[in-house]
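Below is one structure, written out as structure tokens; the observations come after it.
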Amino acid sequence: MGVTLKASRPPWLLLVFSLPAKRASQRVEVWRKLQRSGTLPLRSSGHVLPNTATNQEKLEWLAGSIRSYKGQASVVQVQAFDDLPDARLRQLFIEATSRDYDRLLSELKKLVSLPHSQRPARQLSRLRCRFHEITASDFFGNPLRKRVETFLARADEVEAVSPKRKARLAEHRHRIWVTRPRPGIDRVSSAWLIERFIDSKARFVFADDPATYPVAVPFDMFSPQGFGHREQDCTFETLCKEFSVRDGRVRRIAQVIHDADLGDERFGRLEGVGLDQVLGGWAKQEVPDDELLRRGVELIEGLYHGNT
């Protein structure tokens, strides 16, 4: 009588490998990649990850790299370890991420204790990137994640909105806003900011000289009137400050726009460079100014919702 076995996906992946003794630099490189992937090193041998399609792809790529270094590597799907029950393995993964979260919390607490004006934006950006790295290997829902998210939200908080902002907004509602033709990253993001946080009924026009539209509010133009670059700030940052925009995601977008527009790497944010290249590509295709602005605004809206 034949026996039919029901196949089930093994819960674990195991990478076992060896590298030649002379490959010291490659050994360090592999170790760093294993760390970034969140693998759990076994005392006996090998590195473990939960069996998901994403994790399998990571380990297969790493195994391929090891073989290219003249080493040997195998990725094995494992049903169980006789000396490590599944519950204990999960606990070990949680303990590993707990150490990472605790270090991050310690830095965040120091940052939040500072006055808002003294909180280094670049440090907050670095901590947020580190948070995303840790969550990528938080496979079993570490409860410390919520605490870190709370402190990140607190780090984004700013002082209460003043009456000055209300008056400023009232003065700039239902206005025409003028900027230069062929809008790039600073101008499309500024238009997005104006429409979303300052003047929801804004109308945008284009001119090389703001005098062409004397009743319009100029932005990012070579003119002392209106809103443009001021000291070390791009136009987007100027608008944020002038209208006291209180939104953590906008603050992070401001860093992206600043680095892309001014190119000084002040915040170490590279995302905006790609967006600006997309806008430049559309401009070369002779997309009309108003359509270029519309597409750019949609890009920034997507960045806003993706920038959690």
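From the set of residues in the range 183-205 that are among the aromatic types (Phe, Trp, Tyr) and in a helix (DSSP H, G or I), which is farthest from residue 303 (Cα to Cα)?
197
Does residue 121 meet the test of being closer than 19 Å to residue 249 by Cα and either touching a residue at least 40 places away in the same chain (Cβ under 8 Å) or among the β-branched types (Val, Ile, Thr) (or both)? Walk me through it before giving the result.
Working: closer than 19 Å to residue 249 by Cα: yes; either touching a residue at least 40 places away in the same chain (Cβ under 8 Å) or among the β-branched types (Val, Ile, Thr) (or both): yes.
Taking the combined requirement at face value, the residue satisfies it.
Across the range 284-302, what is the number of residues that are open to solvent by 40 Å² or more (accessible area, probe 1.4 Å) and in a helix (DSSP H, G or I)? Reasoning before the result, please.
The first filter runs over the range 284-302 and keeps only residues open to solvent by 40 Å² or more (accessible area, probe 1.4 Å), leaving 284-286, 288, 290-291, 294-295, 298-299, 301-302.
Still in the running and in a helix (DSSP H, G or I): 284, 290-291, 294-295, 298-299, 301-302.
Matching residues across the range 284-302 total 9.
Only residues that are closer than 13 Å to residue 30 by Cβ, touching a helix residue (DSSP H, G or I) at 6+ places or on another chain (Cβ under 8 Å) and not in a loop (DSSP other than H, G, I, E, B): list them for the range 48-92, please.
Listed by number, the residues that qualify are 58, 59, 62, 65, 66, 72, 73.
Of all residues in the range 85-100, which are touching a Phe, Trp or Tyr at 6+ places or on another chain (Cβ under 6 Å), hydrophobic (A, V, I, L, M, F, W, C) and open to solvent by 30 Å² or more (accessible area, probe 1.4 Å)?
Of all residues in the range 85-100, those touching a Phe, Trp or Tyr at 6+ places or on another chain (Cβ under 6 Å) come to 90, 93-94.
Narrowing further to those that are hydrophobic (A, V, I, L, M, F, W, C): 93-94.
Correct list: 94 only.
Within the range 67-84, can one find any residue that is among the hydroxyl-bearing types (Ser, Thr, Tyr), more than 25 Å from residue 131 (Cα to Cα) and buried (at least 16 other Cβ atoms within 10 Å of the Cβ)? Steps first, please.
Applying the first criterion (among the hydroxyl-bearing types (Ser, Thr, Tyr)) to the range 67-84 yields 68-69, 74.
This time we only want the ones that are more than 25 Å from residue 131 (Cα to Cα), so: 68-69, 74.
Okay, now just the ones that are also buried (at least 16 other Cβ atoms within 10 Å of the Cβ), so 69.
Yes; the residues of the range 67-84 include at least one that is among the hydroxyl-bearing types (Ser, Thr, Tyr), more than 25 Å from residue 131 (Cα to Cα) and buried (at least 16 other Cβ atoms within 10 Å of the Cβ).
Hey, among the residues in the range 185-220 that are hydrophobic (A, V, I, L, M, F, W, C) and open to solvent by 30 Å² or more (accessible area, probe 1.4 Å), which one's farthest from residue 247 (Cα to Cα)?
211
Before we move on, is residue 106 over 19 Å from the mean Cα position of the chain (by Cα) and assigned to a helix (DSSP H, G or I)?
yes
Quick one: residue 31 ticks every box in (1) open to solvent by 70 Å² or more (accessible area, probe 1.4 Å); (2) touching a Leu at 6+ places or on another chain (Cβ under 6 Å); (3) within 30 Å of residue 145 (Cβ to Cβ) bar one, so which box is it?
(2)
Of all residues being β-branched (Val, Ile, Thr) and part of a loop (DSSP other than H, G, I, E, B) in the range 206-253, which is modelled with the highest pLDDT? Just the residue, please.
215
Filter the range 128-143 for residues that are open to solvent by 60 Å² or more (accessible area, probe 1.4 Å), without any contact (Cβ under 8 Å) to a residue 60 or more places away in the chain and not in a loop (DSSP other than H, G, I, E, B) and give the result.
Passing the criteria: 129, 130, 132.
The values are calculated or read from the model by the stated rules, or taken from the named source; none is laboratory data. Please read all numbers here as calculations on a predicted model, not as lab measurements. Note that we place each Cβ from the backbone using ideal geometry, even for glycine, and neighbour counts take in every protein chain shown. Just the protein is used for accessible areas: all its heavy atoms, side chains included, with ligands, DNA and RNA removed. Shrake-Rupley method; radii C 1.70, N 1.55, O 1.52, S 1.80 Å.
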